[in-house]
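A short worksheet on the structure shown next.
The values are calculated or read from the model by the stated rules, or taken from the named source; none is laboratory data. All figures in this text were calculated on a predicted structure; none of them were measured in a lab. Neighbour counts are summed over all protein chains in view; Cβ atoms, including those assigned to glycine, are modelled from backbone coordinates with ideal geometry. Note: areas computed on protein heavy atoms with side chains; ligands, DNA, RNA excluded. Shrake-Rupley method; radii C 1.70, N 1.55, O 1.52, S 1.80 Å.
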Amino acid sequence: MTGHTKTALITGITGQDGGHLARLLHDNGYEVCGVIRGQSNLKKERFLEEFPYVELIEADLLDPSSILRAVDQSDPDEFYNLAAISHVGYSFKNPTLTLHTTAGGVLNCLEAIRMTDRSGKTRFYQASTSEMYGGLDYNRPGLGYDERSLFHPRSPYGVAKLYGHWIAKNYRESYGIFASCGILFNHEGERRGVEFVTRKITNAVARIHLGLQETVELGDLWPKRDWGYAGDYVRGMWQMLQHHEPDDFVLATGETHSIEEFLTQAFHEIGVDDWSPYVVRSQALIRPAEVDILLGNPAKAERVLGWKREVDFPNLVRRMVRYDIAEQQARFAARAVQSDR
Ligand code: NAP
Ligand code: F7E
């Protein structure tokens, strides 16, 4: 071992939150290990360029023995399970894969800890989600969902996450595993996949601004989400595992905005007041069931953990649009250099 104070294992390290968390833990002196899947993962090279200090371990949530080996090999003080099939729309198209990955994968992680962690040192973080509430039973108007609200998931993703949530609590109660669940509302940023609506919009706005794209195709625009910045939320995950006992915590902003509002704010950044000529509605992007409104109440995390989000809605959108404009310009310049050769 080197001079690191603690070791962390992260599944889903190639995803949005994985990148933010790897950096946060490294900056705090951790040795960071991350699970990468696939025999030839195209993200690997780029990931290691950005995070040369991360030790990657080949494993797959669907393969219990590989997760057991990853835990045995890294012997983590903290194990963050961020891997999942995380796209709600995709989960309707691939429900069985979602079940095995997003639900069964959590069991594989917990069993790996139970079998290897004789001293009980490993603290486990489960990435639970506001999608478990489902937008129904919205019976506390203005207050938002908290840790005691009813669950009513509205997608195969939400249902699978609810299993992950309860099995983590069950292993806490049955075996004394330090398992904490963060019930996180939507969080976005420059690392967000372009398959999610916020990044799809900011990427398109940047390209429209630069004359590289004319329109963007979207589904329903009326749903409302409680959107925060991912960098703030991974700090909350870490704080949950530093707490003296395992527990469940909601992380949210306490504000909700429709996709229309996100569009207005994003186009405002490029000086466009009326976005309607640029948005094409697509039936294919409408989900079999929709979560109408999500609003979270982070009072417990604020009070118990001292967690506080720093980035507000206008700054989140601004940050994403500016990042995407710079990224598109850099890509364009790189292509121009290549074609000159
Ligand atoms: P993301 O960007 O979609 O990343 C998902 C990660 O899971 C990727 O690294 C992916 O690997 C990995 N993965 C998928 N299937 C796997 C498998 N079979 N074995 C191993 N790894 C696998 O997700 P995110 O936005 O960072 O979210 C992190 C976690 O928080 C997820 O569990 C998500 O469901 C949950 N969550 C997210 C939000 C949000 O707003 N972002 C809110 C609440 C909860 P590849 O790169 O190889 O595909
Ligand atoms: O959709 C609508 C869509 O896919 C947001 C995941 O991180 O947060 C995320 O789930 C809304 C929905 O995120 C498009 O129907 C319209 O109402 O960006 P999204 P999500 O479904 O809220 C939760 C908390 C998680 O846990 C998940 O892992 O936008 N929408 N048009 C669209 N959505 C997408 N993706 N693409 C569209 O074109």
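Okay, here's what the table says:
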{"quantity": "Filter result (among the basic types (Lys, Arg), surrounded by fewer than 21 Cβ atoms within 10 Å (Cβ to Cβ) and within 18 Å of Tyr229 (Cβ to Cβ)) within segment 164-197", "calculated": "Arg191"}
{"quantity": "Candidate set from segment 66-89 (those that are without any contact (Cβ under 8 Å) to a residue 60 or more places away in the chain and near ligand 1 (Cβ under 9 Å from one of its atoms)); member that is surrounded by the fewest Cβ atoms within 10 Å (Cβ to Cβ)", "calculated": "Ser66"}
{"quantity": "Boolean, Leu24 is within 13 Å of ligand 1 (Cβ to nearest atom) and either open to solvent by less than 20 Å² (accessible area, probe 1.4 Å) or farther than 15 Å from Thr101 by Cβ (or both)", "calculated": "no"}
{"quantity": "Entirely in segment 198-312, the strands (runs of 3 or more DSSP E) that have 3 or more residues that are surrounded by 14 or more Cβ atoms within 10 Å (Cβ to Cβ)", "calculated": "248-251"}
{"quantity": "Residue pairs meeting the criteria (Cβ under 9 Å; at least 6 apart or on separate chains; first within 13 Å of Ala22 (Cβ to Cβ), in segment 54-65; second away from ligand 1 (no atom under 11 Å from the Cβ) and of a type in the set (Asp, Glu))", "calculated": "Glu55/Glu31"}
{"quantity": "Total residues in segment 27-47, condition open to solvent by less than 70 Å² (accessible area, probe 1.4 Å) and over 22 Å from Gly193 (Cβ atoms)", "calculated": "4"}
{"quantity": "Count of residues meeting criterion [in a helix (DSSP H, G or I), more than 15 Å from ligand 2 (Cβ to nearest atom) and without any contact (Cβ under 8 Å) to a residue 12 or more places away in the chain] in segment 90-138", "calculated": "1"}
{"quantity": "Cross-chain or 6+ apart pairs with Cβ under 9 Å, segment 268-287 first and under 15 Å from Asp220 (Cβ atoms), then within 16 Å of ligand 2 (Cβ to nearest atom) and of a type in the set (Phe, Trp, Tyr)", "calculated": "Arg287/Phe92"}
{"quantity": "Positions within segment 158-210 being away from ligand 2 (no atom under 14 Å from the Cβ), within 21 Å of Arg148 (Cβ to Cβ) and either touching a Pro at 6+ places or on another chain (Cβ under 8 Å) or among the charged types (D, E, K, R) (or both), in sequence order", "calculated": "Lys169, Arg172, Glu173, Ala179, Ser180"}
{"quantity": "Selection status of Asp247, among the acidic types (Asp, Glu), away from ligand 1 (no atom under 11 Å from the Cβ) and either at positive phi or touching a residue at least 60 places away in the same chain (Cβ under 8 Å) (or both)", "calculated": "yes"}
{"quantity": "Residue match in segment 314-324 (condition: buried (at least 18 other Cβ atoms within 10 Å of the Cβ), outside any helix (DSSP H, G or I) and not assigned by TED's automatic domain parsing to the domain that holds Phe151)", "calculated": "no"}
{"quantity": "Number of the condition not met by Gly144 [criteria: (1) within 22 Å of Val250 (Cβ to Cβ); (2) open to solvent by 60 Å² or more (accessible area, probe 1.4 Å)]", "calculated": "(2)"}
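Residue-by-condition table, conditions (1) under 25 Å from Arg23 (Cβ atoms); (2) in the same structural domain as Asn28 (by TED's automatic domain parsing); (3) of a type in the set (Gly, Ala, Ser); (4) in contact with a Phe, Trp or Tyr (Cβ under 9 Å, 6 or more places away or on another chain):
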residue: Thr202; (1), (2), (3), (4): yes, no, no, yes
residue: Ile208; (1), (2), (3), (4): no, no, no, yes
residue: Thr215; (1), (2), (3), (4): no, no, no, yes
residue: Gln242; (1), (2), (3), (4): yes, yes, no, no
residue: Asp273; (1), (2), (3), (4): no, no, no, yes
residue: Pro277; (1), (2), (3), (4): no, no, no, no
residue: Leu285; (1), (2), (3), (4): no, no, no, no
